[in-house]
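The values are calculated or read from the model by the stated rules, or taken from the named source; none is laboratory data. All of these numbers come straight from a predicted model, not from anything done at the bench. Please note: Cβ atoms are built from the backbone with ideal geometry, for glycine as well, and neighbour counts cover all protein chains shown. Quick note on the areas: whole protein, heavy atoms, side chains included, nothing else; ligands and nucleic acids left out. Shrake-Rupley method; radii C 1.70, N 1.55, O 1.52, S 1.80 Å.
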Amino acid sequence: MGIGVRPPAVAGFFYPGGEGQLRRLVKGFLASAPPDVGGSPPKAVIAPHAGYSYSGPVSASAYAQVARCAGRVRRVVLLGPAHRWPVHGLALPGASALATPLGTVPVDDEGCRVAEALDPVFVQPKAHEGEHCLEVHLPFLQVVLQDFAVVPLVVGDPRPEHVAEVLETLWGGQETLIVVSSDLSHYRTYDAARELDEDTAHAIEALDPESIGPDQACGRIPIVALLQVARARGLRARTLDLRNSGDTAGDRQRVVGYGAWAFFA
């Protein structure tokens, strides 16, 4: 069982540090998101992890669909790439809960024990220190799901097949949602980023992990793993949003790409 609560690392920086302001901002993003696409609730989503002024509207496109899972999803398997510390395999935080200004999210002890039994998964608290890629998703999940536990995995250098094994092991049923955190192309011109990100979107929609290269997404490894599992399980992927920082809150000389996808059975 985890000990202690991981405090927020990027509150007041990537997103507002006050409870009321943060909740209003997230609800505002969700209210402006594209309408419900209909059909069954998603089994998995991919969404970005930049500061909210840059990627918040794109993330909301995914979480507006996740809102349909409220009342049924009790566990979220949340994966994103390491940015601050070298990580061997996949890292669990060794914490009992993760905190944001909206409150604490319990860590799913059973899910973590199951994951840790797999070779590429280890408890590495250092990997979660200062890391933003998982944290920025928690306020959206707290607003749309309210009552859930999380299996938080920072992904370092494993083979995608090893991450796919983790996903298969934790896949579960309608009580489990998979969330992959990833931005897309980095520091290209606006037009170059749009072209490369469109290629990535086409590959995701086609469930074609072999067509996604290392320069197309910082979360390439968990994305590729999700596509492998989604293809094996007969899921379909839908692009919900595809923009970059030049569309949201930055200039168009050096942009970062953002996309949102939902996967349906």
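Some observations on this one:
- Taking every residue in segment 36-48 that is polar (S, T, N, Q) and pairing it with any residue that is not in a strand (DSSP E or B), at least 6 positions away or on another chain, the pairs with Cβ-Cβ distances below 7 Å are 40/265.
- The set of residues in segment 233-251 being part of a helix (DSSP H, G or I) and either touching a Pro at 6+ places or on another chain (Cβ under 7 Å) or among the polar types (S, T, N, Q) (or both) consists of 245, 248.
- Scanning segment 13-30 for residues that are more than 20 Å from the chain's Cα centre (by Cα) and free of Cβ contacts under 8 Å to residues at least 12 places away in the same chain turns up 20, 21, 24.
- The single residue among 151, 144 that is farther than 22 Å from residue 4 by Cβ and open to solvent by less than 20 Å² (accessible area, probe 1.4 Å) turns out to be 144.
- In segment 58-110, of all residues being over 30 Å from residue 34 (Cα atoms) and in contact with a Lys or Arg (Cβ under 6 Å, 6 or more places away or on another chain), the one that is surrounded by the fewest Cβ atoms within 10 Å (Cβ to Cβ) corresponds to 85.
- Scanning segment 24-79 for residues that are part of a strand (DSSP E or B) and of a type in the set (A, V, I, L, M, F, W, C) gives 44, 45, 46, 47, 76, 77, 78, 79.
- Among the residues of segment 174-196, those that are under 26 Å from residue 68 (Cβ atoms) and either open to solvent by less than 30 Å² (accessible area, probe 1.4 Å) or in contact with a Pro (Cβ under 7 Å, 6 or more places away or on another chain) (or both) comprise 176, 177, 178, 179, 180, 181, 182, 183, 184.
- Output for segment 153-211, where each listed residue is on the phi > 0 side of the Ramachandran plot, assigned to a loop (DSSP other than H, G, I, E, B) and either aromatic (Phe, Trp, Tyr) or without any contact (Cβ under 8 Å) to a residue 60 or more places away in the chain (or both): 207
- Residue that is nearest to residue 84 (Cα to Cα), among those in segment 116-133 that are surrounded by 22 or more Cβ atoms within 10 Å (Cβ to Cβ) and aliphatic (A, V, I, L, M): 127
- Whichever residue in segment 212-232 is touching a helix residue (DSSP H, G or I) at 6+ places or on another chain (Cβ under 8 Å), open to solvent by less than 40 Å² (accessible area, probe 1.4 Å) and in a loop (DSSP other than H, G, I, E, B) and, among such residues, is nearest to residue 33 (Cα to Cα): 217
- Selected residue (criterion: farthest from the chain's Cα centre (by Cα)) from residues of segment 31-51 that are closer than 18 Å to residue 246 by Cα and open to solvent by 10 Å² or more (accessible area, probe 1.4 Å): 51
- Residue 136 β-branched (Val, Ile, Thr), surrounded by fewer than 19 Cβ atoms within 10 Å (Cβ to Cβ), on the phi < 0 side of the Ramachandran plot and in a helix (DSSP H, G or I): no
- Residue within segment 22-41 that is within 19 Å of residue 171 (Cα to Cα) and not hydroxyl-bearing (Ser, Thr, Tyr) present: yes
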